[in-house]
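The values are calculated or read from the model by the stated rules, or taken from the named source; none is laboratory data. Please read these numbers as outputs of a predicted model, since none were measured by experiment. Glycine also receives a Cβ, built like all others from the backbone with ideal geometry; neighbour counts cover every protein chain displayed. Ligands, DNA and RNA are excluded from the accessible area calculation, which covers all protein heavy atoms including side chains. Shrake-Rupley method; radii C 1.70, N 1.55, O 1.52, S 1.80 Å.
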Protein chains: 2
Amino acid sequence: MRSEDIAKLAGVSRSTVSRVINNYSNVPEATRAKVLRIIEQYHYEPNSFARALAGKRTDTIGLFAISMNEKADASRIYQNSYFAPIVDLVVDTANARGFYVLIHTVYSPSDFQKIKQAFQQKRIDGGILVGTQKDIELVRELVSQDSPLVLIDYDISEIMAERLNKNHLAVINSMDYEGTVQAIEYLIKLGHREIGIIKGRINTFSGRERYMAFENTLQSHGLPVRDEFILEGDFLKETAYLETAKLANSGNLPTALFCSNDDMAISAMEAFAAQGISVPDQVSIIGFDDVELASRINPKLTTVRLPIDEMAKASVEKVISLCDTVEPTFSTVSFPAHLVIRDSCKSLL
Amino acid sequence: MRSEDIAKLAGVSRSTVSRVINNYSNVPEATRAKVLRIIEQYHYEPNSFARALAGKRTDTIGLFAISMNEKADASRIYQNSYFAPIVDLVVDTANARGFYVLIHTVYSPSDFQKIKQAFQQKRIDGGILVGTQKDIELVRELVSQDSPLVLIDYDISEIMAERLNKNHLAVINSMDYEGTVQAIEYLIKLGHREIGIIKGRINTFSGRERYMAFENTLQSHGLPVRDEFILEGDFLKETAYLETAKLANSGNLPTALFCSNDDMAISAMEAFAAQGISVPDQVSIIGFDDVELASRINPKLTTVRLPIDEMAKASVEKVISLCDTVEPTFSTVSFPAHLVIRDSCKSLL
DNA sequence: CTGAAAGCGCTTACAG
DNA sequence: CTGAAAGCGCTTACAG
């Protein structure tokens, strides 16, 4: 069943059918009703590809979860508890707005081509990128096609420096710096002076922000930043477990460990437990993100909560509105983060 | 950049360019190389919609998570921990095979239209449905379009009865019945004789299977099936919490409670805890699915493990092979389930 | 208000 | 082996 069939049945031309479908104003109510009735009756659905080819939108947005530094493993992106809820919320929000969502994960530069292709092949009207690394080249390529694009967690200053802000672009961030300051100052208030960190992926904006906030806060309070308490991490469980085990074995422990996300905090707790080191009695632990597990493990994890839901929803709204506007616009929102105190930190006072 | 541009640059016709792109055999190596080089050089990407319109595949599969009985709430489908990993694995597997995946959640019959549309509008080559209810009408509609379709968790006998098996169709199931039998017999072996259940959504195949296995196993062991220990459930946390709280308040407890999935088992544990009833001392609890949380809560949940990963992967492989075959085929696989014993069940002997 | 026609960017018989 | 042409199913100036 094609628009031509509908046209015949309704006694009009394809042009008119198309006008009805696209809700153009210049068709009389009677004609519109007639055409609509036939469409209803035959359950006609315009071919989305033909529409797209003729210049209409695809009503599909792309969602790309980028995690380029890791080794091959079928499900590895979801090792990161931060992605899953974003994916879920984006899908639900977009669906509710009448959009399909096309998902692709990116583990390697060649996967990244898939994003560009999705745009170039016109599969999507706009896209959301999450987990973008500091890699302006990649973003520039995308943005230079001037496709509506939303970046979750990206350093705005890089955008400004490259003057990419004259395109259809938006950035959705969280206040990682401020959240981390809250966390560290809370530890300090509890009397901790030897505070360590497991770093996040340092080529992400949030990874850098959390680390910088950690270092700056210690320094501004006159506390030491000790190399042996700075553990390398990548936001993933495995590395965090290994690094924590190493720290535990060294016999030289900080009194508190700030973990750049919850996945790593929980792994650290497990690693300590495996060595018979008790949390929070021997070492306090604090995380970031407030994933579902955080409030259900034992001890319950003190962490910094991010409004992931709102961020995901905002991304969808933003990308849709970017698709709707002809004029290039750049905008940015930063969502607040706040400390959630539970049971994984002990007062030393 | 269109195929025509490439053709000009390569000094051939669009036909030849197309033949190269589609890897047809009847083009000499020299010509092929020449065309390929130009394509490379200009980063040409054929427009996917034009290809699809001209009859090629879309290289996209649809994934539809159906959960029609619930009330409106933006993220409700993911209240169900069973869906999330399936979504994740399907995306990763499909991506690895070069397919995009188009996702849509279905909460209402009108959402369901979106599935049909996705097929009718030719947005996807094939689709995977998860959470399908007993609703052969719906499946028949889809199948009668003869689109490659994979159903996860569906009663095969319904398919056979309707002779839908002459279409491009596959069903991926798990051995819910056998898994439940293992769980119940384990409880019996521990000395339990008063065993209750929280039912799953009874219009799903797995919901029915788990319930039937529960009832049959009790009966075959000469044990009572008491109405007051049969709690209505829908696989979701909230209802399970409420029903368990009611049971706890009644003052009349079974010694063990089989929960039709882990989400409900965990909620039941929380409801009991809130009433000061200790698991497993006062009541043993057993779940189904083995979600991530199961092994991390306290006490660790004894449950029935399902190979969700393999099921998700198999679905993708299946739908892709269905897209590749001209002849209609029907196939079905049932994945094993097995009991994982942890700490939430107590021996009464 | 409305239809005929061109065009979107491909693929694929068809003919040579 | 290869090109010209028709066709996939829409939309949108254009002309009336």
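Please enumerate the residues belonging to segment B:1-16 that are within 8 Å of DNA strand C (Cβ to nearest atom) and assigned to a loop (DSSP other than H, G, I, E, B).
Selection gives B:1, B:2, B:13.
Identify, please: which residue in segment B:25-46 is open to solvent by 50 Å² or more (accessible area, probe 1.4 Å) and within 14 Å of chain A (Cβ to nearest Cβ) and is, among those, farthest from DNA strand C (Cβ to nearest atom)?
Restricting to residues being open to solvent by 50 Å² or more (accessible area, probe 1.4 Å) and within 14 Å of chain A (Cβ to nearest Cβ), the top hit is B:40.
Can you tell me how many residues within segment B:47-56 are modelled with pLDDT of 85 or more and more than 8 Å from chain A (Cβ to nearest Cβ)?
2
Hey, could you check segment A:84-129 for residues that are surrounded by fewer than 19 Cβ atoms within 10 Å (Cβ to Cβ) and farther than 20 Å from residue A:142 by Cβ and say which is farthest from the other protein chains (Cβ to nearest Cβ)?
Residue satisfying both the conditions and the ranking: A:97.
Is it true that residue B:57 is buried (at least 17 other Cβ atoms within 10 Å of the Cβ), closer than 22 Å to residue A:50 by Cα and within 12 Å of DNA strand C (Cβ to nearest atom)?
no
Residue by residue through segment B:196-207, note down the ones that are of a type in the set (A, V, I, L, M) and open to solvent by less than 50 Å² (accessible area, probe 1.4 Å).
Once the filter is applied, which keeps residues that are of a type in the set (A, V, I, L, M) and open to solvent by less than 50 Å² (accessible area, probe 1.4 Å), segment B:196-207 yields B:197, B:198.
Here's the yes/no breakdown for (1) open to solvent by 10 Å² or more (accessible area, probe 1.4 Å); (2) touching a Lys or Arg at 6+ places or on another chain (Cβ under 8 Å); (3) among the aliphatic types (A, V, I, L, M):
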residue	(1), (2), (3)
A:217	no, no, no
A:234	yes, yes, no
A:244	no, no, no
A:248	yes, no, yes
A:252	yes, no, no
A:269	yes, no, yes
A:276	yes, no, no
A:293	yes, yes, yes
A:297	yes, yes, yes
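Across segment B:274-304, what is the total count of residues that are within 21 Å of residue A:266 (Cβ to Cβ) and either touching a strand residue (DSSP E or B) at 6+ places or on another chain (Cβ under 6 Å) or of a type outside the set (Val, Ile, Thr) (or both)?
13
Is it fair to say residue B:185 is of a type in the set (Asp, Glu) and surrounded by 19 or more Cβ atoms within 10 Å (Cβ to Cβ)?
no
Under the condition of being open to solvent by 60 Å² or more (accessible area, probe 1.4 Å) and within 14 Å of chain A (Cβ to nearest Cβ), which residue from segment B:1-24 is nearest to DNA strand D (Cβ to nearest atom)?
Result: B:2.
Test residue A:154 against the criterion of being touching a Phe, Trp or Tyr at 6+ places or on another chain (Cβ under 7 Å) and at pLDDT 85 or above, and give yes or no.
Against the criterion (touching a Phe, Trp or Tyr at 6+ places or on another chain (Cβ under 7 Å) and at pLDDT 85 or above), residue A:154 qualifies.
Within segment B:86-105, how many residues turn out to be within 13 Å of residue B:59 (Cβ to Cβ) and either in contact (Cβ under 8 Å) with a residue 40 or more places away in the chain or under 13 Å from the mean Cα position of the chain (by Cα) (or both)?
Final tally of qualifying residues: 6.
Going through B:210, B:226, B:193 one at a time, which residue ends up being open to solvent by 60 Å² or more (accessible area, probe 1.4 Å) and in contact (Cβ under 8 Å) with a residue 40 or more places away in the chain?
It is B:193.
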